[in-house]
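J.: Structure in C-alpha cells, see below.
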Amino acid sequence: MMSENREIVLFQNIRQVIKAEQWCRDNNLPVKVIPVPKPWSSECGMCLETTKDYADQLEEFAMESGMITRRIPTTNSTN
Amino acid sequence: MNLYFDNCATSFPKPAAVAEAMVRHLNETGGTYGRSAYPRILQSTGLVEECRDQLASKMGTSEAGKIILTANATTALNLMIQGICKRGGHVLTSSMEHNAIARPLEHLRQMGIIEWELLESAPDGRIQVDKIASKIRQNTILVAICHMSNVNGMAQSPGEIKKAIGEIPLLVDASQSLGSHPVEVDKWGIDFLAFTGHKSLLGPTGTGGAFIRYPEMVEPLLYGGTGSGSDSLSMPSFVPDLFEAGTPNITGIHGLNAALKNRPIAQHSRDDFEALLLEVKRNTNYKVRCADDFEHQGKLFSVVHNTLSSSELALRFYEGFGIECRAGLHCAPLAHRHLGSFPTGDCRFSLSPYHTPEELNYLAKAIHDVGK
C-alpha cells in the first residue's frame, strides 16, 4: 500500500508516461501507474504515483529527457 | 517455391510472428492506446511505444516521439503535404513520383494554392543534384521526393539533395525503401519522412506513418480525440498527439512491431540480385527499367517487351510459370512519362528477403522464355 508522502506525477502525453514508467522499472524506483485523478483529468489518461523522494529522481530523468511534467502532492492513500 | 514477385504492392509472406502478435492482441491481450491506466491498456500502450522506438531505430532518428502512426504512407503524405503547403508556395518534386505525392500536389495546384515543378533528372530518374539550385525560387517551400522509385527501383540520394536545398524542407517518401534499403533520417537531414508498414517492413496493411521534425510547420489533417488535453476543443500542441486523432490501428501496430523485431535474414544476396538483372538484360527483346548504377538499385525492376504488352506479359508469367507480378502504370504516371513507357506501362518484379537464389534463377529463366 502506498499512503504517505505521496506525489502524483503528470506527463504531457502517453508516450512520456510509458517512457518514464519503463525508466522507473529499469532503475528499481517503485511507482504505480494510475488513472489521472479527477481534478487534473484533462491530462492524458495515465500518470505515475510515487513518494516525494522518488518523484525528485523521476523529475530529474524527465527533465533530462525533455519531458514536461507536473507534480501534485497528495496525502491520500491510493491503494 | 515462392513465386510471388509483387512485394512492392504488398509484401508476402510476412514473418510468422506478425500474425501471432495480431491474433494475440485480438484474442488474448486486447487494450487500446492510453485513455486509462489498467494493466491491459498499459501493456498495449507500451507495445505501441516500443513500435515507435523500433521505427526510429530503423529510420535512423533519435526523435522517436516525432513519429506519427497513420493508416498508410498516403495518409502520412497527405498530412504533411497539405499541412505544410501554404498559399503562394512553390514545390519541387521529382520525375519519378508515385501518385501519393503527385496527386496531393496537383490537387493543391488546382485549388490555386501552390505551384509545383519537376526537378531535372537522369534517364533512370535520378535527380541531377547540380541542377537543383537553378529551380529554387524565393517562394520554394518544400522539396518532396520518393526515395526509391516503385517503377524501376532507382534510389535517390536524399543527403546530397538536402545539401543542395539548404534550409528548404525535404520530404522523403520511403514507402519502398524503409526496411530494404538504408534510410538515415538524422544523418541525411531529412525533415519529413513518410513510410508504410506493409511493404519492405513486412508488417500488415493498415500501418504506416510520418516522421515530422518540425511539427510547428504542419497543420493537422484530422481533428478529434487524443486522450490528452481533453478540456480543450483545440488539438494538443505536442506530438505525437497533435497528429494522432482517433484510436490508432493497435492490432496492426502489434503486427508491425513483431515484423520489426523478427526481420528474416535475406535468403539471397545482392550479388544474386545483380546476376538476375544482368541475365534479364541479355535478352534484347526487353528494355529493362532499373537504376543506371547498381549501387542505387532497390529490390525491384521492370521490363518492357518489344511486342508484348505489359498485361500480356503478366498473364504469360502467371499462366506459364506461376509467377505473380504487376503490369501497368503502378500508380506512377510521372515516372512512366519520364521513362518513356506511358501510357502502356511495364511489367514489374519485386523481391522479398524470403526469395532464394534458386527462385531468382527460376524468374530469370521465365523472363527469358516469355520474352523469346
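J.: Restricting to region B:208-232, give me the number of residues that are part of a loop (DSSP other than H, G, I, E, B) and either more than 12 Å from chain A (Cβ to nearest Cβ) or touching a Leu at 6+ places or on another chain (Cβ under 9 Å) (or both).
T.: First pass over region B:208-232, keeping only residues part of a loop (DSSP other than H, G, I, E, B): B:213-214, B:218-232.
Those left that are additionally either more than 12 Å from chain A (Cβ to nearest Cβ) or touching a Leu at 6+ places or on another chain (Cβ under 9 Å) (or both): B:213-214, B:218-224, B:226.
Total meeting the criteria: 10.
J.: For region B:298-328, which residues satisfy the criterion of being assigned to a loop (DSSP other than H, G, I, E, B) and surrounded by fewer than 20 Cβ atoms within 10 Å (Cβ to Cβ)? Break it down into steps so the answer makes sense when it comes.
T.: The initial filter retains those residues of region B:298-328 that are assigned to a loop (DSSP other than H, G, I, E, B), namely B:298-299, B:306-309, B:322-323, B:325.
Those that are assigned to a loop (DSSP other than H, G, I, E, B) and surrounded by fewer than 20 Cβ atoms within 10 Å (Cβ to Cβ): B:N306, B:T307, B:L308, B:S309, B:G322.
J.: For residues that are facing chain B (nearest Cβ under 7 Å) and at pLDDT 85 or above, scanning just region A:20-54, find the one that is farthest from the chain's Cα centre (by Cα).
T.: Step by step, filter region A:20-54, then rank; the result is A:P35.
J.: Taking only pairs six or more apart or across chains, which ones have beta-carbon atoms under 6 Å, a first residue in region B:132-144 that is touching a residue at least 12 places away in the same chain (Cβ under 8 Å) and surrounded by 11 or more Cβ atoms within 10 Å (Cβ to Cβ), and a second residue that is among the hydroxyl-bearing types (S, T, Y) and assigned to a strand (DSSP E or B)?
T.: B:A144/B:T93
J.: Can you tell me which of B:G189, B:G225, B:G229, B:G206 is more than 27 Å from B:C331 (Cβ to Cβ), of a type outside the set (F, W, Y), surrounded by fewer than 22 Cβ atoms within 10 Å (Cβ to Cβ) and in contact with a helix residue (DSSP H, G or I) (Cβ under 7 Å, 6 or more places away or on another chain)? Talk me through it step by step, then tell me what you get.
T.: On the way: B:G225 fails: in contact with a helix residue (DSSP H, G or I) (Cβ under 7 Å, 6 or more places away or on another chain); B:G229 fails: in contact with a helix residue (DSSP H, G or I) (Cβ under 7 Å, 6 or more places away or on another chain); B:G206 fails: more than 27 Å from B:C331 (Cβ to Cβ).
Selected residue: B:G189, the only one of B:G189, B:G225, B:G229, B:G206 that is more than 27 Å from B:C331 (Cβ to Cβ), of a type outside the set (F, W, Y), surrounded by fewer than 22 Cβ atoms within 10 Å (Cβ to Cβ) and in contact with a helix residue (DSSP H, G or I) (Cβ under 7 Å, 6 or more places away or on another chain).
J.: Considering every residue within region B:125-140, establish whether at least one is within 15 Å of B:L193 (Cβ to Cβ), among the basic types (K, R) and in a helix (DSSP H, G or I).
T.: To start, the set of residues in region B:125-140 that are within 15 Å of B:L193 (Cβ to Cβ) comprises none.
Among the residues of region B:125-140, not one is within 15 Å of B:L193 (Cβ to Cβ), among the basic types (K, R) and in a helix (DSSP H, G or I), which makes the answer no.
J.: Return the residue satisfying two criteria in turn: it lies in region B:145-173 and is of a type in the set (A, V, I, L, M, F, W, C) and over 23 Å from B:H330 (Cβ atoms), and of such residues it is surrounded by the fewest Cβ atoms within 10 Å (Cβ to Cβ).
T.: Taking region B:145-173 and keeping what is of a type in the set (A, V, I, L, M, F, W, C), we get B:145-146, B:148, B:151, B:154-155, B:161, B:164-165, B:168, B:170-172.
Retained after the next criterion (residues that are over 23 Å from B:H330 (Cβ atoms)): B:164-165, B:168, B:170.
Details: B:A164: 20, B:I165: 21, B:I168: 17, B:L170: 24.
Result: B:I168.
J.: Looking at region B:195-249, which of its residues are at pLDDT 95 or above, within 30 Å of A:P39 (Cβ to Cβ), more than 20 Å from the chain's Cα centre (by Cα) and aromatic (F, W, Y)?
T.: B:Y223 - this is the single residue of region B:195-249 that is at pLDDT 95 or above, within 30 Å of A:P39 (Cβ to Cβ), more than 20 Å from the chain's Cα centre (by Cα) and aromatic (F, W, Y).
J.: Could you figure out which of (1) more than 30 Å from B:E295 (Cα to Cα); (2) at pLDDT 95 or above; (3) not polar (S, T, N, Q) isn't true of B:P169?
T.: (1)
J.: With respect to B:K86, is the statement that it is open to solvent by 10 Å² or more (accessible area, probe 1.4 Å), within 22 Å of B:E216 (Cβ to Cβ) and at pLDDT below 95 true? Give the steps one after another, and end with the answer.
T.: On the way: open to solvent by 10 Å² or more (accessible area, probe 1.4 Å): yes; within 22 Å of B:E216 (Cβ to Cβ): yes; at pLDDT below 95: yes.
Yes; evaluated as a whole, the condition is true for this residue.
J.: Output the residues belonging to region B:33-54 that are under 27 Å from the mean Cα position of the chain (by Cα) and open to solvent by 10 Å² or more (accessible area, probe 1.4 Å). Before the answer, list the steps.
T.: First, the residues of region B:33-54 that are under 27 Å from the mean Cα position of the chain (by Cα): B:33, B:44-54.
Selection gives B:Y33, B:G46, B:L47, B:E50, B:D53, B:Q54.
J.: A further question follows. Mind checking which residues of region B:329-361 are part of a loop (DSSP other than H, G, I, E, B) and over 27 Å from B:S269 (Cα atoms)?
T.: B:L329, B:C331, B:A332, B:G340, B:S341, B:F342, B:P343, B:T344, B:G345
J.: Return yes when B:D186 is touching a residue at least 12 places away in the same chain (Cβ under 8 Å), closer than 23 Å to B:E295 by Cα, part of a helix (DSSP H, G or I) and in contact with a Pro (Cβ under 6 Å, 6 or more places away or on another chain) and no when it is not. I'd like the intermediate steps shown before the answer.
T.: Details: touching a residue at least 12 places away in the same chain (Cβ under 8 Å): yes; closer than 23 Å to B:E295 by Cα: yes; part of a helix (DSSP H, G or I): yes; in contact with a Pro (Cβ under 6 Å, 6 or more places away or on another chain): no.
Criteria not met by B:D186.
The values are calculated or read from the model by the stated rules, or taken from the named source; none is laboratory data. Predicted model only: the values in this text are computed from it and were never measured. Neighbour counts are summed over all protein chains in view; Cβ atoms, including those assigned to glycine, are modelled from backbone coordinates with ideal geometry. Protein only, heavy atoms only, side chains kept; ligands, DNA and RNA dropped before computing areas. Shrake-Rupley method; radii C 1.70, N 1.55, O 1.52, S 1.80 Å.
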